[in-house]
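The values are calculated or read from the model by the stated rules, or taken from the named source; none is laboratory data. Note that the coordinates shown come from a computational prediction; the quantities given were computed from them, not determined experimentally. Methodologically, a virtual Cβ is constructed for each residue, glycine included, from the backbone with ideal geometry; neighbour enumeration extends over all protein chains shown.
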Amino acid sequence: MKSSRRSFILMTAGFASSLALSRGALADAVSVSDSDATAQALGYNTDATKVDKAKYPKYQAGQGCSNCQFFQGKADDAAGPCQIYGGKQVNAKGWCSAYTRKA
């Protein structure tokens, strides 16, 4: 009996630790803010449909972070890390002037 109780306690402690670590990783995911200097310099907008086309004539309909080569999330993620912003989270429907279509 003692060994099964000990195994249960060790498994529970391991599970609780891994759960705490995974929650911590999610909490550490930082989103790019509007006040971010790089975001301002590149004209980052969380909604690509609201990009100022006069200021950023490179923008074309259909472009967005989710289909940019720098976006590290999955195609169906609402947000994901971006290489341009040091791994900070960007909106998948966002856009910035560093946009480069995925190959």
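Which one is surrounded by the fewest Cβ atoms within 10 Å (Cβ to Cβ) among residues in the range 83-103 that are in a loop (DSSP other than H, G, I, E, B) and among the aromatic types (Phe, Trp, Tyr)? The extreme case among them is Tyr85. Taken together, the criteria place Ala27 among residues that are under 22 Å from Ala92 (Cβ atoms), loosely packed, with under 10 Cβ neighbours inside 10 Å, at pLDDT below 90 and under 22 Å from the mean Cα position of the chain (by Cα). Figure legend. Inter-residue proximity from the range 59-75: first residues closer than 15 Å to Ser97 by Cβ, second residues part of a strand (DSSP E or B) and not hydroxyl-bearing (Ser, Thr, Tyr), beta-carbon distance below 6 Å, spacing 6+ or different chains. Indicated pairs: Gln63/Trp95; Gly64/Trp95; Cys65/Phe71; Cys65/Val90; Phe70/Cys82; Phe71/Gly80; Phe71/Cys82.
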